[in-house]
Amino acid sequence: MITIVLASVTTVLLLLIGTPLAWWLAKRRTALSAAIEAVVALPLILPPTVLGFYLLLLFAPDTAVGRAWEALTGSQLAFSFSALVIGSVVYSLPFVVQPLQNAFQRVPAALLDASASLGATPADQFRSIVLPLSRRSFVTAASLGFAHTVGEFGVVLMIGGNIPGETQVISIALYDYVESLQFDQAHRMAGGLVVFSMLLLFYIYRSNGAAAWRVSR
């Protein structure tokens, strides 16, 4: 249950953060945008434990971030569900930003120029042109962000620990089963994750393939 809640909250935040960021990156080709693009993509190649380690240092009670969080909420940030959410957003961000950025870059500039000449504001253009043309990419981005969060291990273990009922997500529970030689439970949990992943990927590829086929007709 913790895993589903974590993945759901993270996916919503990823879409809220990733959509304007992807739009900005799609429309800017500067040294600054390239640097931000590299930072966003860093979790794709950086070992999760490295990212988790530095986030843990950032969330520690004796840091400015840790003290500010404790002053606002009355609880520490490290080894909390909130830390899992923040770490998950950082770790899964490229899986949402990159599909959306690619979709936004494919939107014909002529359509936007034509709508602007008719008096459409940037918000109107985004709502009436960009969003409909990018609908499939939003589904892909949300699905990948959700699935990637479900499968996290290194980051969530470093910043959330393994507290049953609070921060123990499914990937850590699976590790516990294997470590305690409870292979039957591990098989069921691992098999469920394999089935979930395959069904999700099948849905994504099937949807994108069907959309491409309709466009080509």
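The values are calculated or read from the model by the stated rules, or taken from the named source; none is laboratory data. Here the structure is a predicted model, which means the values were calculated and not measured. Because the Cβ atoms are built from the backbone with ideal geometry, glycine has one as well, and the counts that use them run over all protein chains shown.
Step by step: first the residues of segment 161-180, then only those that are in contact with a helix residue (DSSP H, G or I) (Cβ under 6 Å, 6 or more places away or on another chain) and modelled with pLDDT under 90, then the one that is surrounded by the most Cβ atoms within 10 Å (Cβ to Cβ). Which residue is that?
THR167
From the set of residues in segment 138-192 that are among the hydroxyl-bearing types (Ser, Thr, Tyr) and out of contact with any Asp or Glu (no Cβ under 9 Å at 6 or more places or on another chain), which is farthest from PRO61 (Cα to Cα)?
Among those residues, the one meeting the criterion is THR140.
Just to be sure I understand, how many residues within segment 139-158 are surrounded by fewer than 17 Cβ atoms within 10 Å (Cβ to Cβ) and either touching a Gly at 6+ places or on another chain (Cβ under 6 Å) or assigned to a helix (DSSP H, G or I) (or both)?
The number of residues fulfilling the criteria is 1.
In segment 1-47, what count of residues is obtained for those that are over 21 Å from GLY87 (Cβ atoms) and of a type in the set (Val, Ile, Thr)?
1
Residue by residue, here is whether (1) within 25 Å of SER33 (Cβ to Cβ); (2) out of contact with any Leu (no Cβ under 6 Å at 6 or more places or on another chain) holds:
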residue: PHE59; (1), (2): no, no
residue: THR63; (1), (2): no, yes
residue: SER82; (1), (2): no, yes
residue: ILE86; (1), (2): yes, yes
residue: LEU93; (1), (2): yes, yes
residue: ALA103; (1), (2): yes, yes
residue: GLN125; (1), (2): yes, no
residue: VAL130; (1), (2): yes, yes
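Pick out the one residue from SER8, SER33, SER80 that is without any contact (Cβ under 8 Å) to a residue 24 or more places away in the chain, touching a Phe, Trp or Tyr at 6+ places or on another chain (Cβ under 9 Å), surrounded by fewer than 21 Cβ atoms within 10 Å (Cβ to Cβ) and of a type in the set (Ser, Thr, Tyr).
SER33
Which count do you get for residues in segment 56-81 that are within 18 Å of GLU152 (Cβ to Cβ), in contact with a Ser or Thr (Cβ under 8 Å, 6 or more places away or on another chain) and part of a helix (DSSP H, G or I)?
1
Give the residue that is farthest from SER82 (Cα to Cα), with candidates limited to residues of segment 159-205 that are assigned to a helix (DSSP H, G or I) and touching a Ser or Thr at 6+ places or on another chain (Cβ under 6 Å).
Applying the first criterion (assigned to a helix (DSSP H, G or I)) to segment 159-205 yields 159-160, 170-179, 183-205.
Cutting the leftovers down to touching a Ser or Thr at 6+ places or on another chain (Cβ under 6 Å) gives us 160, 170, 200, 204.
On the way: GLY160: 9, ILE170: 17, LEU200: 26, ILE204: 29 Å.
Of everything passing the filter in segment 159-205, ILE204 is farthest from SER82 (Cα to Cα).
Counting only residues that are assigned to a loop (DSSP other than H, G, I, E, B) and among the small types (Gly, Ala, Ser), which one in segment 120-138 is nearest to ASN208 (Cα to Cα)?
For segment 120-138, the residue satisfying everything is SER134.
What number goes with the only condition from (1) under 11 Å from the mean Cα position of the chain (by Cα); (2) in contact (Cβ under 8 Å) with a residue 24 or more places away in the chain; (3) surrounded by fewer than 17 Cβ atoms within 10 Å (Cβ to Cβ) that PRO47 does not pass?
Result: PRO47 fails condition (1) only.
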